[in-house]
1. Restricting to Cα pairs below 8 Å that are 6+ residues apart, what does the relative contact order work out to for segment 77-206? Please round to a whole percent.
2. Report D for the chain in µm² per second (integer): Stokes-Einstein, Kirkwood Rh on Cα pairs, 37 °C, 0.692 mPa s.
3. Given the alpha-carbon gyration tensor of segment 46-154, what are the semi-axes of its equivalent ellipsoid in whole angstrom, ordered largest first, with each equal to the square root of 5 times an eigenvalue?
4. Taking Rh as the Kirkwood radius computed over C-alpha pairs, what is the Stokes-Einstein D of segment 77-206 at 37 °C in a medium of viscosity 0.692 mPa s, expressed in µm² per second?
5. Taking only complete DSSP H runs, can you tell me which helices of the chain stretch 18 Å or more along their own long axis by Cα positions and average at least -0.5 on the Kyte-Doolittle scale?
6. Straight distance only, please: which lysines reach the Cα of LYS138 with their own Cα at less than 20 Å, same-chain residues fewer than 8 apart left out?
7. With viscosity set to 0.890 mPa s at 25 °C, what whole-number translational diffusion coefficient in µm²/s follows for segment 143-226 from Stokes-Einstein and a Kirkwood radius over Cα pairs?
8. Determine the calculated [θ] at 222 nm for the chain from helices alone, applying -39500 (n - 2.57) to every DSSP H run no shorter than 4 residues and normalising by the residue count; nearest 500 deg cm²/dmol.
Amino acid sequence: NTDYARYAGPVVPSGGVVARIIDEVYELCRADTSGTLADYIPELSAVQPDSFGICLATADGSIYGSGDLDAAFTIQSISKPFTYALALADRGVAEVARHIDVEPTGEPFNEISLDPQTQRPRNPMINAGAIAAAGLIKGTDAADRFARIRRSYSRFAGRELTMNDAVYASEARTGFRNRAIGYLLRGANIIDVDPDEAVDRYFRQCSIDVTCRDLAVMAATLANNGVNPLTRERALTGPLVEQVLSVMTTCGMYDAAGDWVTTVGLPAKSGVGGGILAVLPGQIGIAVYSPRLDAHGSSVRGVKACRELSSRLGLHFL
Ligand code: DON
């Protein structure tokens, strides 16, 4: 059903072995209670700090997991590759590239900066590039543009996703730094819509509720070359999947990208809601949820669990 032969990745071992390894990694990482909840968006600290789930979905639709697979949390920055994907589908790779570059920054996610030469945001995984991507989404009006984003994420997840109103309201009340970025983008003509509209769309997309299982299926849809392995619906074309995974590889973990690529070796994206999503192209999607974060804004147990899974299952392919 997909061009697996393009990828030289290892083969995931049979079901029983996968389930046992996930359980072992879960027990190992559960002991780690370090890190802190995000509280710069007040509502983000209103979660169960000890929640923890690990889910692995294969490109042919098998699902394995341990822990809290069905607890809802907001997708936050894990939304960025999916909105970038929709912008690419709406506008084409060349037009999006005129607005958003694909260079890693080595800087935190909320850095207020555009490339001084080109005035473009450096990549779509940092906030500047993500807000620019939200500004490029087509639609008849603001409501339609957000509805298209939500429907697109839902195709990846294989179920209807909805927005968490409390988290959205909390971010909309406090997101002044992101508004500054929106105005910078408008001033540089990177977006031609009202900057408040683009930033509001970004706040909304970050506030979409997902579960660990949803994120694993979204990752498996990327692994399966854009076709959801459960619903068989196409969420993205193959060439655009390649573009998105490439950018996740170099930029998805922000200023920890190098450390991540060397220790985990998979394209990935983290969010301050506590989720991490990683993809082994052609084979599997992995998601971890645990809301205590490290200094980069990534889940402490999530990073650790991905390292362990990658090493124990032999997933490091970069
Ligand atoms: O821009 C923000 O502040 C958030 N809504 C999303 C940030 C985020 O998830 C960063 N990633 N780790």
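1. About 29 percent, as a whole number.
2. Taking Rh from Cα pairs, D becomes 173 µm²/s.
3. Equivalent-ellipsoid dimensions as semi-axes: 29, 19, 14 Å.
4. 226 µm²/s
5. 15-30, 238-251, 300-313
6. Excluding near neighbours in sequence, the set is LYS80.
7. For these conditions, the coefficient is 175 µm²/s.
8. Computed mean residue ellipticity for the chain: -13500 deg cm²/dmol.
No lab work stands behind these numbers, since they all come straight from the coordinates. For clarity, every value in this text was computed on a predicted model and none was experimentally measured. Counting neighbours? That spans all protein chains shown, and the Cβs are built from the backbone with ideal geometry, glycine included.
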